[in-house]
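Peer 1: Got a structure here, written out as structure tokens. Questions coming.
Coordinate-derived values only; no laboratory data. For clarity, every value in this text was computed on a predicted model and none was experimentally measured. When we count neighbours, we look across all protein chains shown, and the Cβ atoms used for this are built from the backbone with ideal geometry, even at glycine.
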Amino acid sequence: MLNVSPRVREYETLPGLTPLGIPAVAPLPSGESTDAARLVERFGDAILAAGLHHDQQVVYVQPDQLVALVDFAKRDPQLRYDALVDVSAVDRADLPISDHRFHTVYQLRSYARKQHLMVVCPIDDGGDPVAPSLAGVHAGAIWPERETWDLLGVRFANHPDHRRIMMPESWPNHPLQKQVPVGGEEVPFTMTWSDPEFESFGRQVMAAQSLPPVLPPGMNRRENMVINMGPHHPSTHGVLRLVVELDGETVVGIDPDLGYLHSGFEKSGENKRYKDFVYYTDRMDYLSAMSNNLGYCITVEKLLGIELPPRAQVLRVMMAELQRIASHLFWLSTHVLDVSGTGMALLMYATRERERILDLFEMACGARLTVGYMRVGGVSRDIPPAFLGHLEEFLQAMPVRIDEYEAMLTSGPLWEERLRGIGKLTRAEVIDMGLTGPMLRGSGVDWDLRRDAPYSGYENYDFKVPVFTEGDCFARYLVRMEEMRQSLRIIRQTIDNLPDGPHRIEDRKITPPPRAELDISMEALIHHFKLMTEGFPVRPGMFYHGIESSKGELGFFIYSDGSAKPYRLHVRGPSFNNLYAISKMSKGAMLSDIVTNIGSIDIVLGEVDR
Amino acid sequence: MGLEEKLPEGIITTQLETLVNWSRENSTWPLLFGLACCAIEMIATGSARHDISRYGAELFRASPRQADLMIVSGRVSNKMAPVIKRLYDQMSEPKWVIAMGICASAGGPFNNYAIIQGVDKIIPVDVYVPGCPPRPEALLYALDKLREKQAKDSFRTYADLNAPPAPIQPDDIESLETLRQPQLV
């Protein structure tokens, strides 16, 4: 038994991290936590630091004990961290340190105990950083580890499928490493006519040479037929490419090829000020822009340590739930269109209702799709007076519409035939693969972050979390239909309990002053100018926060070095992790069931590829 | 006037070129092909409220062989660029391209390693639509602009198309050189 207080192991034990004058070097846990104590009791010296950091449980562990620790946390009856929801890494090359350049960061989740644990593993580098792979403990680690290898260049030992996942195999670097530039081009209007480089603008036609096709590992081209589905295919919901191995019409193997919409969000975010990245989040999961705004803003606000006025909280919940309905409507219409040829009617009906929600968004913020409504510190503007009346009309009309859709589908034999028993996933499988959202609730895991880890005041609302145990596409369909009804209930409560007051915090260091104030107050003008040109600094530390987006857990991991830009910004896209299940769901099924499964996972490629 | 006075009612005379252009501009079939956020607005344009079929363009074809118009609806990544180029090459002449949104037009907010700064670096573009994303009305306006362009089309343009299409060379794309005003040099 180790005779140290678990929380206070000195940070000097971590070699190379001694300059404590620079808090950004590594955010250290300071508070106490029983789970951390349990891990220290078990692993002793292998734990470098443990405890609470920004009210979040953090454990620093030596790499040689990482797998053992995660395995122990999964099996120990006192801990029961049964799911790995995210893997990322931090490249600390730009921080004033000399070794342990990479920290890999893992987010563990206990569904039974409603706890979250962040595990940080400083890894030795020497040019080729290698971390132990958790694929043997959690299947959900496979894709995020591939992503970490692709974007950050951290190799994972004993990984079953160690390939790049986003960028082409021939890509020369790992783009999220700090020495790799953002890329892109110089903006032409900064140049003059006499600039010699000017000649080359508009003449840079790229070769755009096709890459030679590569047979994914494990596929047999002699015995079976290997076909290519996407990236240009109507039912892949974007630019997803699936390499499918077929025996007759039965799927033998399936290998998703991602990255056709990889847009470098994380790299862009690390080069933007905190306030400027809000607009990028709109373009990630462009079907639920409000939820993305919400997830990002909450994470930054937690790092800033600010509390929001009640009206802002309620407005946020109202918009996020409207967005959930809009996203589910779009999912429904495209899913029906893919699965049954007669779905065009439902697409027209569902987009009609979705347009009403988009009109409401337009009233609130002026944009339909990429809203940018929520800002750090509140929402961008208050809702106009007529908004609530229109929302009321929508609330009156919508339940009838949902019933109509259900009448068209739920009892229809064709719909049932195509969905029931397809893409079955057991409870153990969905937890093991780190799936979230309706994928979890369709397989019998009673988990909703809105209820189990409340944010934005969700604990004040009365709503039910629909759970079905069948684990097939039909169960997931029922979950989403019921979620729309529950969202309507929440919106009703937000209207009834909408408090008066400011719609954003009054701290002029974080939110800009009202326009009218700029004309009369010099101080307001200065604040506005400072905020727009410099942004606001965020105290050093790291934070992971997940919200329940329409697709599942949307998590943001931010590592702040105390400046106005995030040092590391990582997004846990629910579609990305959920899409991993496609091979499990489709193996042994028919080719046409792949289409059903894609629709049932509800992916948005902007979020999968980021 | 002229011949038409002597013809029975219901018969009009026109040039073949005008007739062909008229039919082309009224049934431009887009490629069923979405990339990012703009694709959602493209779908909204196609659905009931905005109703792209008023322009005869509601028939989104999944095969490039049957499509006349490519709406590049979203950001083009380095990995996607060869695919778009191939899809464009597979479309049969005459074909047109709308770069929908700022990402397809010039890279938009994504000035980084992953995104090509404008799809006109790989394929020639007829109409650029600003916006992030453009509203459905903006896309309809772009279709209108495209119709104007189609109406001015001439058979002469396609005279040498019997030869296999050459890959697009850098010089085929309009350079900023042409924008340079003589008095500014």
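Peer 1: In peptide B:43-52, how many Cβ atoms from other protein chains are near each Cβ within 10 Å, on average?
Peer 2: Going residue by residue through B:43-52 and averaging, the value is 4.
Peer 1: Under 15 Å Cα-Cα from residue A:551, which aspartates and glutamates qualify once same-chain neighbours fewer than 8 residues away are excluded?
Peer 2: Cross-link targets: A:282, A:285, A:321, A:448, A:482, A:483, A:602, A:607, A:609.
Peer 1: Once label points are set 7 Å from the Cα along Cα→Cβ at both residue B:90 and residue A:390, what is their separation, rounded to one decimal in nm?
Peer 2: If labels sit at residue B:90 and residue A:390, their model points lie 4.1 nm apart.
Peer 1: Can you list the residues, at least 5 places off or on another chain, whose amide H is less than 5 Å from the amide H of residue A:257, using H built in the peptide plane?
Peer 2: The list, which skips near neighbours in sequence, is A:241, A:242, A:243.
Peer 1: By per-residue mean of other Cβ atoms within 10 Å, what is the highest-first order of B:9-19, B:29-39, A:149-159?
Peer 2: B:29-39, A:149-159, B:9-19
Peer 1: While we're on this one: Residue separation times 0.36 nm, minus the C-alpha to C-alpha distance between residue A:381 and residue A:534: what's the value? Don't skip to the answer; put the middle values down first.
Peer 2: Working: separation 153, 0.36 × 153 = 55.08 nm, distance 2.17 nm.
Taking 0.36 nm per residue and subtracting the Cα distance, the gain is 52.9 nm.
Peer 1: With a point put 7 Å past each Cα toward its Cβ, work out how far residue A:34 is from residue A:520 in nm, to one decimal.
Peer 2: With each label point 7 Å from Cα toward Cβ, the separation is 5.5 nm.
Peer 1: Then there is this: Which value, in Å to one decimal place, does the Kirkwood hydrodynamic radius take for the range A:265-609 when every pair of different Cα atoms is included? Numbers along the way, then the final one.
Peer 2: On the way: mean 1/r = 0.0481 Å⁻¹.
About 20.8 Å for the range A:265-609.
Peer 1: Let me ask something additional. For a quick protection proxy, order the peptides A:359-366, A:221-228 by their average other-Cβ count within 10 Å, most packed first.
Peer 2: Those peptides, ordered most packed to least, come out A:359-366, A:221-228.
Peer 1: Moving to a separate point now. Long-range amide H contacts for residue A:542: which residues qualify at under 5 Å (H placed 1.01 Å from N, peptide plane, sequence gap of 5 or more or a different chain)?
Peer 2: Sorted by chain and number, the residues that satisfy this are A:560.
Peer 1: Each residue of the range A:597-609 in turn: what ³J(HN,Hα) in whole Hz from Karplus with 6.51, -1.76, 1.60 and θ = phi - 60°, glycine and Pro shown as x?
Peer 2: Whole-Hz 3J(HN,Hα) from phi for the range A:597-609: 5, 4, x, 6, 6, 6, 9, 10, 5, x, 8, 5, 8.
Peer 1: Here's another thing I want to ask about it. Which value in Å is the Kirkwood Rh of the range B:28-95 over different Cα pairs?
Peer 2: 12.3 Å is the Kirkwood radius here.
Peer 1: What does the average come to when, for each residue of peptide B:30-36, you count the partner chain Cβ atoms lying within 10 Å of its Cβ?
Peer 2: Across B:30-36, the average partner-chain Cβ count within 10 Å equals 5.
Peer 1: Now for a separate question. Calculate one ³J(HN,Hα) per residue across the range A:477-482 by plugging θ = phi - 60° into the Karplus curve 6.51 cos²θ - 1.76 cosθ + 1.60, and present them in order as whole Hz with x for glycine and proline.
Peer 2: With the stated coefficients, the range A:477-482 comes to 4, 5, 4, 5, 4, 5 Hz.
Peer 1: Only Lys, Arg, Asp and Glu count, each charged at its Cβ (+1, +1, -1, -1), so figure out the dipole size of chain A about its Cα centre, rounded to 20 debye.
Peer 2: Computed charge dipole of chain A: roughly 440 debye.
Peer 1: Check each of the GluC sites (Glu not before Pro) in the range A:289-325 and keep only those in coil by DSSP with at most 14 other C-beta atoms within 10 angstrom; list them in order.
Peer 2: Of the GluC sites (Glu not before Pro), the ones in loops of the range A:289-325 whose Cβ has at most 14 other Cβ atoms within 10 Å are A:307.
Peer 1: In sequence order, what are the phi-derived ³J(HN,Hα) couplings for the range B:27-43 according to the Karplus relation 6.51 cos²θ - 1.76 cosθ + 1.60 with θ = phi - 60°, rounded to whole Hz, with x for glycine and proline?
Peer 2: After applying 6.51 cos²θ - 1.76 cosθ + 1.60, I find 9, 8, 8, x, 7, 6, 7, x, 10, 9, 3, 4, 4, 5, 5, 5, 5 Hz.
Peer 1: If amide H atoms are built 1.01 Å from N in the plane of the peptide, which residues on other chains or at least 5 residues away come under 5 Å of the amide H of residue A:48?
Peer 2: A:60, A:61, A:62
Peer 1: Right, next: For the charge dipole of chain A, defined by +1 on Lys and Arg C-beta atoms and -1 on Asp and Glu C-beta atoms about the Cα centroid, which residue among A:53, A:327, A:131 has the Cα displaced farthest towards the positive pole?
Peer 2: A:53
Peer 1: Once you order the gyration tensor axes a ≥ b ≥ c over the Cα atoms, which shape class does the range A:320-426 get: rounded for a/c under 1.5, otherwise prolate or oblate by comparing a/b with b/c?
Peer 2: prolate
Peer 1: Once the Cα gyration tensor of the range A:529-610 is diagonalised, what are the square roots of 5 times its eigenvalues, in whole Å and ordered largest first, as equivalent ellipsoid semi-axes?
Peer 2: 38, 12, 9
Peer 1: Gap in Å between the Cα centre of the range A:53-130 and the Cα centre of the range A:374-397?
Peer 2: The distance from the Cα centre of the range A:374-397 to that of the range A:53-130 comes to 40 Å.
Peer 1: Could you tell me how far the Cα centroid of the range A:478-535 sits from the Cα centroid of the range A:317-350, in Å?
Peer 2: 28 Å
Peer 1: Tell me, B:137, B:93, A:548 in order of fewest to most beta-carbon neighbours within 10 Å?
Peer 2: B:93, B:137, A:548
Peer 1: Output the Kirkwood hydrodynamic radius of chain A, Cα pairs only, in Å rounded to one decimal.
Peer 2: 25.5 Å
Peer 1: Work out the mean other chain Cβ neighbour count within 10 Å for the residues of B:128-135 and drop it here as an integer. Intermediate results must be reported in sequence, preceding the final value.
Peer 2: Working: counts 0, 0, 0, 1, 6, 7, 0, 4.
Per-residue shielding by partner chains comes out at 2.
Peer 1: On the Cα set of the range B:22-172, report Rg and Dmax in Å, please.
Peer 2: 14.8, 43
Peer 1: What whole-number distance in Å separates the alpha-carbon centres of the range A:551-610 and the range B:11-27?
Peer 2: Value for the Cα centre distance between the two parts: 49 Å.
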